[in-house]
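The structure appears below as structure tokens.
The values are calculated or read from the model by the stated rules, or taken from the named source; none is laboratory data. Please read these numbers as outputs of a predicted model, since none were measured by experiment. Virtual Cβ from ideal backbone geometry, glycine too; neighbours counted across all protein chains shown.
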């Protein structure tokens with residue numbers, strides 16, 4: 001059974017649509033300060049544990065801006081979201097500031113109940129293809145590992161023991177958390193099961209094959225080829241920027257992403 005997002009509490013900058021199955025980040029008004037306001041949404045009910053597979057939910061990200069420093073942060077919280085609106089205090093600007101919350105994302109880090117672990121690479125942004133939708137799943141395994149799975153392929157598995165972090169309280173109700181602080185603009189809840197180990201192994205083998213085919217053979221590449229690539233770069237970037245502008249103007253369902261060279265936007269934690 002798929003999760004549904006709740007209307008309250010949630011960020012005022014994110015709309016929950018289609019009976020809780022879609023989240024859409026609003027475009028801030030010109031001159032409006034939005035760097036210090038929440039962009040967080042929560043599941044309406046605790047994420048159901050799928051037997052021996054663990055806690056799982058998955059989104060399809062239909063629209064994102066790749067030019068931002070990050071895409072989002074995603075994970076679980078053991079804090080009941082309903083307790084966050086009892087005194088009408090606004091949600092904190094970042095979901096990682098909520099007690100007992102466990103996230104992967106922002107600018108390549110793990111946020112673990114107030115502790116932060118920096119990662120060598122951004123496990124989400126580095127796997128995305130500009131102008132392409134992608135699926136984004138989160139699994140808390142029975143062993144207590146927090147895994148992020150992109151397009152049914154394992155992006156990262158966080159072992160709290162390895163990082164000297166406390167375990168996620170899997171025996172308590174855990175709610176899904178998505179902080180749209182970054183490039184994510186629109187996402188839809190998927191009704192799915194976590195990929196099997198066989199599916200993950202096949203995905204890993206395919207990735208290795210793609211990396212091998214993309215790697216140059218031993219020996220330096222011809223200088224003429226490198227020169228041609230350098231000469232083509234500005235035009236390619238211009239085409240990509242034009243394509244992104246066209247997609248944004250049309251406002252369609254296809255995913256949009258700015259060229260990676262145009263990094264900017266919100267300042268992530």
*If you go through segment 60-79, how many residues are surrounded by fewer than 23 Cβ atoms within 10 Å (Cβ to Cβ), in contact with a strand residue (DSSP E or B) (Cβ under 7 Å, 6 or more places away or on another chain) and within 17 Å of residue 112 (Cα to Cα)?*
1
*What is the number of the single condition among (1) buried (at least 20 other Cβ atoms within 10 Å of the Cβ); (2) at pLDDT below 85; (3) within 25 Å of residue 53 (Cα to Cα) that residue 127 does not meet?*
(1)
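If you check 57, 42, which single one turns out to be in contact with a helix residue (DSSP H, G or I) (Cβ under 7 Å, 6 or more places away or on another chain) and either surrounded by 20 or more Cβ atoms within 10 Å (Cβ to Cβ) or modelled with pLDDT under 90 (or both)? Outline the logic, then answer.
Working: 57 fails: in contact with a helix residue (DSSP H, G or I) (Cβ under 7 Å, 6 or more places away or on another chain).
Every option except 42 fails the conditions.
Tell me which strands (runs of 3 or more DSSP E) are completely within segment 93-161 and hold 2 or more residues being over 13 Å from the mean Cα position of the chain (by Cα) and more than 16 Å from residue 175 (Cβ to Cβ), or say none if there are none. Working first, answer last.
Numbers: elements: 101-105, 109-112, 115-118, 134-140, 146-150, 153-158.
The qualifying strands (runs of 3 or more DSSP E) are 115-118, 153-158.
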